[in-house]
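Below you'll find the structure, written out as structure tokens, and then a few comments.
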Amino acid sequence: MPRPKSLKPSYCLHKSSGLAFVRLDGKTPRYVGKHGTQASRDEYDRVIGEWIASGRQTAAVPSPAGGPGLPSGKRSVAQLVHAFWKHAQTYYLDREGKPGPEADNYRQALRWLRKLYGETPAEEFGPLALKAIRATVIKPHAVPLNRVRVDAATGKRRKEVVEVERPGWSRTYSNRQMSRIKQVFKWGVENELVPAAVHQALMAVSGLRKGKTEARETKAVRPAPQEDVDKVLPLLPPPVRGMVDLEAITGMRPGEVRIMRGCDIETRAEGLWVYRPAHHKTEHHGDDHVREIFLGPKAIEVVRKHLKTNPLAHLFDPADADAWQREQRANAPRGDRTTPVYPCELRRREQERHRVRTKGSRRTFRDHYTKDSYNRAVRRACDKAELSAWWTPNRLRHAAATRIRATHGLEGSQVVLGHKHAKITEVYAESNRALAAKIAAEVG
């Protein structure tokens, strides 16, 4: 039986010159660099990506990218990326003055832009090249990771690079990253690094549409099931349990509950407390975006359990969770243990319980939970509860929004969540299907 013909042209070797080439039309060779080098393989991927993006028509594929010897006055894409990255590190900063999440998003987009088109003249980068990048990133790709291996014979540790298969970018994430690449060229036009026609041409590339692409679709964030939350709550350390309870009651963001301090809470005579986070998601929009979270009797009861003497201290401290876990292990019944506990171990644990942790201690903690540590704590409890699927802290906000919308309408959910527009609230608060079913039954 004959072997089926490959739909992808092969990466070939020209023996006399040692160069790598590819035949897109089956006849004319297209040289991509020295055979076996990473640069030639990247150029091969770029050429194939453009060929596929153009409908496998060789006439639509532009000429080979320029190498180190670019004509004078022409700036390469790599040089443009380098200039923009210096700007991004000083512009996209977080509240601590360090490069924030948006800078990391640009890092992921610029990595592929420089890898596939680094040596291309910036003024020759066009819509077809942008579509070629998009066609590459939405497919699964191998990512090199550093791993530490322990030799079973010698016991020595050695580092090695392992390639891990990663899924391609989702449709929505790919659209956002392509917009960031367009923003890079817009910044280049603003600073007279590339002609304005380059950015105008890139703007003609529309985003991927649902059901019209091979890119994977992400699932919508749903409210956390209340029965799953009830199973996990008893297994959480007290600080994490307090954050989960507050989120479920008030619908505040996970980032807002993690940085909660006593000095940020105002007590009022009418029995309500007001929490104003030191930092919040929309503070960069100006003074008209003031975030105030009103705490009712249930929320106040939770907050009182975690208030510290120092008003500047965070309410939910990871060190408190560590002390609780140590106490749980020390007081565990003997029948539940799988290994014996000797008197010396009991004495050491008793000393550890009363020891004051200093800066030079073996393990130190942050003064508050981070996004990752909060998610890990909830995930571990979900595993202990043997749930079929994890739920994340952000889904508690969705559950609170849906509950408030069912009782106080969309406007009530909007003001509690702190959204400026009701359209944003609709993403968090699901419609009341039970009410719709009841009306349909009455109306007929």
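Things worth noting here:
Residue-wise test of (1) surrounded by fewer than 11 Cβ atoms within 10 Å (Cβ to Cβ); (2) among the small types (Gly, Ala, Ser); (3) at pLDDT below 75.
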| position | (1), (2), (3) |
| --- | --- |
| ARG403 | no, no, no |
| SER413 | no, yes, no |
| LYS420 | no, no, yes |
| GLU426 | no, no, yes |
| LYS438 | no, no, yes |
| VAL443 | yes, no, yes |
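- Of the residues making up segment 166-200, those that are in contact (Cβ under 8 Å) with a residue 60 or more places away in the chain and either among the polar types (S, T, N, Q) or in a loop (DSSP other than H, G, I, E, B) (or both) are GLN177, ASN191, LEU193, VAL194, PRO195.
- Matching residues, segment 230-260, being surrounded by 20 or more Cβ atoms within 10 Å (Cβ to Cβ), more than 18 Å from THR370 (Cβ to Cβ) and not hydroxyl-bearing (Ser, Thr, Tyr): VAL232, ASP245, ALA248, GLY251
- When residues of segment 312-352 are limited to those that are of a type in the set (A, V, I, L, M) and at pLDDT 80 or above, the one nearest to ARG380 (Cα to Cα): ALA321
- Residues being assigned to a strand (DSSP E or B) and either under 12 Å from GLY168 (Cβ atoms) or within 18 Å of the chain's Cα centre (by Cα) (or both) - total across segment 103-142: 2
- Applying the condition of being touching a residue at least 60 places away in the same chain (Cβ under 8 Å) and in a helix (DSSP H, G or I) to segment 201-232 and asking which residue is nearest to LEU130 (Cα to Cα) yields LEU202.
- Among the residues making up segment 312-331, those that are charged (D, E, K, R) and either farther than 17 Å from THR370 by Cα or not assigned by TED's automatic domain parsing to the domain that holds VAL244 (or both) are ARG326, GLU327, ARG329.
- Test result for LYS156, within 18 Å of GLU214 (Cβ to Cβ) and of a type outside the set (Asp, Glu): no
- Selection of first residues in segment 90-109 that are closer than 16 Å to ARG180 by Cα and of second residues that are among the basic types (Lys, Arg), restricted to Cβ pairs under 6 Å at least 6 apart or on distinct chains, gives the following pairs, ordered by first then second residue: TYR106/ARG180; ALA109/ARG180.
The values are calculated or read from the model by the stated rules, or taken from the named source; none is laboratory data. This is a predicted model, so every value here is computed, not measured. No Cβ is skipped: glycine too gets one built from the backbone with ideal geometry, and neighbour counts run over all protein chains shown.
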